[in-house]
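See below for the structure under consideration.
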Amino acid sequence: MASGGRPGCRIDVIGPGGLGECDKSWKGWVVGSGIAQGEHLVIAASPTPLRAYARVVNGPAWYPGAHVHAFAWVTVNGRRMRPVYVPAATNDGSAFAGHVVLIWTVGRHTYAVGFHDVSGTRNTLLLGEELARSITLTS
């Protein structure tokens, strides 16, 4: 996602997909990837509600063999979120590969935020929950 599927597609930290040189299939998505304090963070928001977690973490690049490992639901600031682990082997090309990701839907959008799992799944999930506590959605 970070490259939008094409050379020359530049997304600094977060921005609209499908613009400029980016793959047009990402139009309407918000995507981003960045590193802060040594942690790799990926963010996505779909233009429509999505129920399949693998579709959220792969976006328009989803393919039938893609799947994730779901964990028990968590609630952060009253939002019910599904944590998932995104194995690289079944999510080829996803910026979320190797990440622990929190996924939730509000209104007409599904959101995903996840950190690369370098310190163990539980610690990475706690980091994601800490980030989720500070997220404010605006319309």
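The values are calculated or read from the model by the stated rules, or taken from the named source; none is laboratory data. Fair warning: this is a prediction, and the values are worked out from it, not measured in the lab. Glycine gets a Cβ as well: all are built from the backbone with ideal geometry, and neighbour counts include every protein chain shown.
Annotations
- All positions within the stretch 107-128 that are touching a strand residue (DSSP E or B) at 6+ places or on another chain (Cβ under 7 Å) and not hydroxyl-bearing (Ser, Thr, Tyr): His109, Ala112, Val113, Gly114, Phe115, His116, Asp117, Leu125, Leu127, Gly128
- Matching residues, the stretch 91-109, being surrounded by 23 or more Cβ atoms within 10 Å (Cβ to Cβ), of a type in the set (A, V, I, L, M, F, W, C) and in a loop (DSSP other than H, G, I, E, B): Ala95, Phe96
- In the stretch 73-82 there is no residue that is at pLDDT 95 or above, in contact with an Asp or Glu (Cβ under 7 Å, 6 or more places away or on another chain) and buried (at least 19 other Cβ atoms within 10 Å of the Cβ).
- Only residues that are in contact (Cβ under 8 Å) with a residue 24 or more places away in the chain and surrounded by fewer than 13 Cβ atoms within 10 Å (Cβ to Cβ) were counted across the stretch 119-139, and they come to 3.
- Residue pairs whose Cβ atoms lie under 6 Å apart, sitting 6 or more positions apart in sequence or on different chains, and linking a residue in the stretch 74-103 that is more than 21 Å from Trp26 (Cβ to Cβ) and touching a residue at least 24 places away in the same chain (Cβ under 8 Å) to a partner that is charged (D, E, K, R) and in a strand (DSSP E or B), do not occur here.
- Filtering Ala44, Ala112 for residues that are out of contact with any Leu (no Cβ under 9 Å at 6 or more places or on another chain), assigned to a strand (DSSP E or B) and closer than 22 Å to Leu137 by Cα leaves a single hit, Ala44.
- Neighbours by Cβ (under 6 Å, 6+ apart or cross-chain): first from the stretch 10-38, more than 21 Å from Val113 (Cβ to Cβ); second surrounded by fewer than 17 Cβ atoms within 10 Å (Cβ to Cβ) and at pLDDT below 85: Glu21/Arg6; Glu21/Gly8; Asp23/Arg6
- Filter result for the condition that a residue is exposed (fewer than 13 other Cβ atoms within 10 Å of the Cβ) and either aromatic (Phe, Trp, Tyr) or modelled with pLDDT of 95 or more (or both), over Ala88, Ala112: Ala88
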